[in-house]
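Structure first, commentary second.
The values are calculated or read from the model by the stated rules, or taken from the named source; none is laboratory data. On a predicted model such as this, the values are computed, not experimentally measured, just so you know. Cβ: placed from backbone, ideal geometry, glycine included. Neighbour counts: every protein chain shown. We work out accessible area using only protein heavy atoms, side chains counted, and drop any ligands, DNA or RNA first. Shrake-Rupley method; radii C 1.70, N 1.55, O 1.52, S 1.80 Å.
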Amino acid sequence: MTTDKSTYRNMVLNGLALCVLALNLTGPVHEGVHMLTQMAAGLTPHFLSFGVMDAVGTPTVDMSSPFWKLMFAGSAAIFNVCVGLVLAAVLRFCKLGPLSRQFSLLLCILHLCMGFGYFLRDGIAYSPNNGMGDWSKVLDNFDGSLPLRIGMLVVGSVGWLLALYLVYREAYHFIEHNDDQRERMQVASALYLWPYLFNAVVMTLINLNSPLEPLQSLLISGILNLFGYFPLFIGGLYVGKLLKPMKQSIYYFSPCAEPKALLWVAAVAALIFDALVLCPGIYFS
């Protein structure tokens, strides 16, 4: 059902708090997987930041092997895809409470978008030896292999369509009256649109204080936050405005509209940690 202003405000605040926690378990985890992979290859970690990492040294593994050609730069995106697919299965087969389902949904979409997004973006925008993009580096390792590039484009496109489908379908677990457009728009904005805008603006600004040059950080972080998670935005519009609603109700419960002070405090603490510690970078050497 449609809600009053205070109830809707709590829905939005809970959604933003869950988004902050989910973001901290997506980008930094992606970079952490990079670091662990490169440590396994014999490098020494230099720094770990919210959206970038660096390791120094020379690999001690056989970099001519197909495994290391693929995994040295490509492991983190593969990890994102695996996490996203596992969470998609959890959403499909498990009964979850309002907050845990909303959090799992956001985390699932963020991981799917990041993982499949690397395949899609680097497949489209590949330029030999330009050093940009995890899977551009993988393509470099395979001499720009055309079959690999086509495979990346296919897999990335299918993955993004999966993310878009999940954004659309899973929203209806939170919508009681499918034919009520105001309710659909309230739910879609609380679940997706406000978190998308918050990430695009706030997290981009926070990441300006990264080990990269400010302009480079703005371009990388801004492009990722605006376009990397675009299924959240367009899927939210699909739910609220653009597509006919689902005919059959799959309603579980409305998004949590109770004030969750502990959740809000955890999200603020995570943001402060990001701004003061994680975005500037944790240096190991």
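Just a few scattered comments:
- The orientation-averaged projected area of the convex hull spanned by the Cα atoms of segment 125-164 comes to 2.8 nm².
- Straight-distance crosslink candidates among aspartates and glutamates, where the alpha carbon sits under 18 Å from K95 and sequence neighbours closer than 8 are dropped: E170, E176
- Less than 5 angstrom separates the built amide H of S127 from none of the residues sequence-distant by 5 or more or on a different chain.
- Between 0 and 90 degrees, the angle of helix 27-40 with respect to the longest Cα principal axis of the chain falls at about 30 degrees.
- Sorted from longest to shortest, the spans of the Cα atoms of segment 1-108 along the three principal axes equal 60, 30, 14 Å.
- Among [x] 19.7; [y] 24.9; [z] 22.0, the entry derived from the coordinates for Kirkwood radius over Cα pairs in Å: [x]
- Relative contact order [Cα under 8 Å, 6+ residues apart], segment 1-102, whole percent: 23 percent
- Averaging the sequence gap over all C-alpha pairs within less than 8 Å and six or more residues apart, then dividing by the number of residues, gives segment 106-238 a relative contact order of 28 percent.
- Normalised by the number of residues in the chain, the mean separation of alpha-carbon contacts (under 8 Å, six or more apart) gives a relative contact order of 28 percent.
- When the surface is traced with a 1.4 Å probe over the full set of protein chains, I150 keeps roughly 90 Å² accessible.
- Computed from point charges on the beta carbon alone (+1 for Lys and Arg, -1 for Asp and Glu), the dipole magnitude for the chain about its Cα centre is near 760 Debye.
- In the chain, helices alone account for a calculated mean residue ellipticity at 222 nm of -19500 deg cm²/dmol, with every DSSP H run of four or more residues adding -39,500 (n - 2.57).
- Hits among aspartates and glutamates - C-alpha to C-alpha of K69 under 20 Å, sequence gap 8 or more where chains match: E31, D54, D122, D134, D140, D143
- In plain terms, the chain from S6 to S100 could stretch by 31.7 nm, reckoned as 0.36 nm per residue minus the Cα-Cα distance.
- Accessible surface, per residue, of segment 210-264 when the full set of protein chains is kept, probe 1.4 Å, Å²: 61 Å²
- Computed from Cα positions, the angle between helix 146-171 and the longest principal axis of the chain comes to roughly 20 degrees.
- Rg over Rh for segment 139-245 works out to 1.11, using Cα positions for both radii and the Kirkwood form for Rh.
- A Cα-only calculation for segment 85-198 places Rg and Dmax at 17.4, 53 Å.
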